[in-house]
Amino acid sequence: MAFSRRALVAATVACLAGGCAAMGGAVPARLSPDRLPTLARVVDGAPVSLAEIVRAHDATVLVWWASRCPCVKRYQRRIDDLARRFGGRRTAVLMVASNADDDRATLRRALVARRVAVPLLFDRGGRLARALGVETTPTTVALDKHGRVAFHGWIDNERTLGASGRKAYAVGAVSALLAGLPVGTPRTPVYGCRITRALGEPQRCHHAVDHRETGTACTERR
């Protein structure tokens, strides 16, 4: 669906007025692997046991994804970079889709159109997102093999593309986790598109955070 520039600006004003600031989710310190659900892989529907993945890796990185979120589009290259840099024997890097109105067919089309190779899991009903206190895309969560939440936040602090003083939060967190060191910044503010919990719920800010179209940055969630 195409949106006019006027609609984009109007939606941006609404977002900056607080439309994306509702719902404060609690982040658990740990989520037992036994409580982690088995999710379907978007491309083929194959079941993926998160419990097995978490137990088998020193770090499991989950990045929340949505088909229509401009922040996800803007950060896709950095999500891909995370997978290339860390994905392997010790680390699993996966994306998770929890939006109520993002069905598998829609998600598959988006993956193909953007040539995304990082595996995307379908979180039907948003159970995993709720369990981990995730409310926006592309929030990133890093778990150790015991289910401890080592990092919960934004990939970096670059709300506007090219802004100075970039801090690569997710890279630093995963590097520390693999080295057996404390994560320097285990929690950060998060920005982006609110995850919808029910069909027909407005995807606030989902088309109003692309700086190239609106001149604004992604909206903040603390």
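The values are calculated or read from the model by the stated rules, or taken from the named source; none is laboratory data. These numbers come from a predicted model, not from an experiment. Positions of Cβ are backbone-derived with ideal geometry, glycine not excepted, and every protein chain shown enters the neighbour counts.
See the values below:
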quantity: Every residue from region 84-108 that is touching a strand residue (DSSP E or B) at 6+ places or on another chain (Cβ under 8 Å) and at pLDDT below 95; calculated: Gly87
quantity: Candidate set from region 168-186 (those that are exposed (fewer than 14 other Cβ atoms within 10 Å of the Cβ) and not aliphatic (A, V, I, L, M)); member that is nearest to Thr139 (Cα to Cα); calculated: Gly184
quantity: Checking Pro70 against (1) under 18 Å from Gly126 (Cβ atoms); (2) of a type outside the set (A, V, I, L, M, F, W, C); (3) buried (at least 22 other Cβ atoms within 10 Å of the Cβ), the condition it does not meet; calculated: (1)
quantity: Count - residues of region 159-190 that are out of contact with any helix residue (DSSP H, G or I) (no Cβ under 8 Å at 6 or more places or on another chain) and outside any loop (DSSP other than H, G, I, E, B); calculated: 9
quantity: Residue match in region 149-160 (condition: closer than 24 Å to Val174 by Cβ and touching a Cys at 6+ places or on another chain (Cβ under 6 Å)); calculated: yes
